[in-house]
Amino acid sequence: MAKKPKQIIIALATEGSSDHRFLQNIIQRTFERVALDGQQDITIFEPICLPQISGENIREKAKKYAIQAVEKGAMVLCFHADADDKTDENAFKERINPAFDAIKSDERDLCKNLVAIVPIQMTEAWILADKELLKKELCTNKSDSELAIDKEPESFSNPKETIKNAINKAREGMTKRYRNKLKIDDLYSPLGTKIPLSKLESLSSYKKFEKAVRDIFPQLTKVNNIEDNPDQT
């Protein structure tokens, strides 16, 4: 009997409309690194971005995402929520834990392999983990101080607004036509693809996410029968 292909299919549910463009590649690369560290030859597919659900309480919303994940053939659901605070304590207490409890207690066929992604304050704090890369995308030689990004990434109360202001400062002196050309929405996908995971490792929220991936990984290989079986030929 031939061995089944080794693969992991990930579903991603994000809180905002643009978060998935930054997080998608980071999630894939994190899973790939965990597989590599475990010396496992597993194909990690690009995460499937689930359509956003609005107008529901967090428990019902989470269960609908978990149903969608199963329908898409996903083995694990990555569930994103911004902390909107200087710690992730309230985000886990009020959103992540109730959401995961609702999924796990439901007797229906839901995706119950769950990983939380909770950036401190918001996703944009992760962008600030590599300021040189950000400045390269902004095509500027200005210093961190001149762009007002000269603090620890997770210490900004509103990193999204910080990046918007940095874009404006980087564009000072240009004609209005070119000054208005670049928007923050243009940065999510390229920065999510290019930012080294080593830069993200300086962030407590990324390290917590990576640990959650490592913790769930053995379950994924067992549930989906992608461990080596000596009886298979």
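Taking the Cβ of ASP88 as the centre, find all other residues whose Cβ is under 15 Å away and add up their charges (Lys, Arg: +1; Asp, Glu: -1). It would help to have the intermediate numbers written out before the result.
On the way: positive: LYS86, LYS93, ARG95, LYS207, LYS208, LYS211; negative: GLU15, ASP82, ASP84, ASP85, GLU89, GLU94, GLU154, GLU210.
Overall, the nearby charge balance is -2.
Cα-Cα over 25 Å: which of LYS72/LYS181; LYS136/LYS183; LYS93/LYS222; LYS135/LYS183? Write down the numbers at each step before the final one.
Values: LYS72/LYS181 37 Å; LYS136/LYS183 15 Å; LYS93/LYS222 29 Å; LYS135/LYS183 14 Å.
With Cα atoms farther than 25 Å apart: LYS72/LYS181; LYS93/LYS222.
Using only the Cα atoms of region 2-54, what semi-axes does the equivalent ellipsoid have when each is the square root of 5 times a gyration tensor eigenvalue? Give whole Å, largest first.
On the way: eigenvalues 130, 33, 8 Å².
Each semi-axis is √(5λ); the values are 25, 13, 6 Å.
For region 102-175, would you read off the P(r) tail past 16 Å as a percentage of all alpha carbon pairs?
Working: 1502 of 2701 pairs.
So the pairs more than 16 Å apart make up 56 percent of the total in region 102-175.
To one decimal place, what orientation-averaged projected area in nm² is obtained for the convex hull of the Cα set of region 7-105?
On the way: hull surface 27.8 nm².
Directional mean of the projected Cα hull area for region 7-105 stands at 7.0 nm².
Below 8 Å between Cα atoms, with a sequence gap of 6+, how large is the relative contact order for the chain in percent? Intermediate values should be presented prior to the final figure.
Details: 352 pairs, mean separation 56.4, N = 233.
It comes to 24 percent, rounded to a whole number.
Per residue, how big is the convex hull around the C-alpha atoms of the chain? Give it to me in cubic angstrom, could you? Kindly include the intermediate steps, with their values, before the conclusion.
On the way: hull volume 31.6 nm³, N = 233.
Hull volume normalised by residue count: 136 Å³.
Using the Cα centre as the reference, give the magnitude of the dipole from point charges on the C-beta atoms of region 60-116 (Lys, Arg: +1; Asp, Glu: -1; all else neutral), rounded to the nearest 20 debye.
On the way: 10 positive and 12 negative charges, 43 e Å.
The dipole of region 60-116 has a size of about 200 debye.
Would you mind giving the three semi-axes, in whole Å and largest first, of the ellipsoid equivalent to region 68-197 according to its Cα gyration tensor? Could the numbers behind the result be given before it?
Working: eigenvalues 255, 55, 26 Å².
Semi-axes, largest first: 36, 17, 11 Å.
Quick note: the coordinates plus some simple rules give every number you see, no bench work behind them. In this text the structure is predicted, and so the values were computed from the model without any measurement. Reconstructed Cβ throughout: ideal geometry from the backbone, glycine too, with neighbour counts over all protein chains shown.
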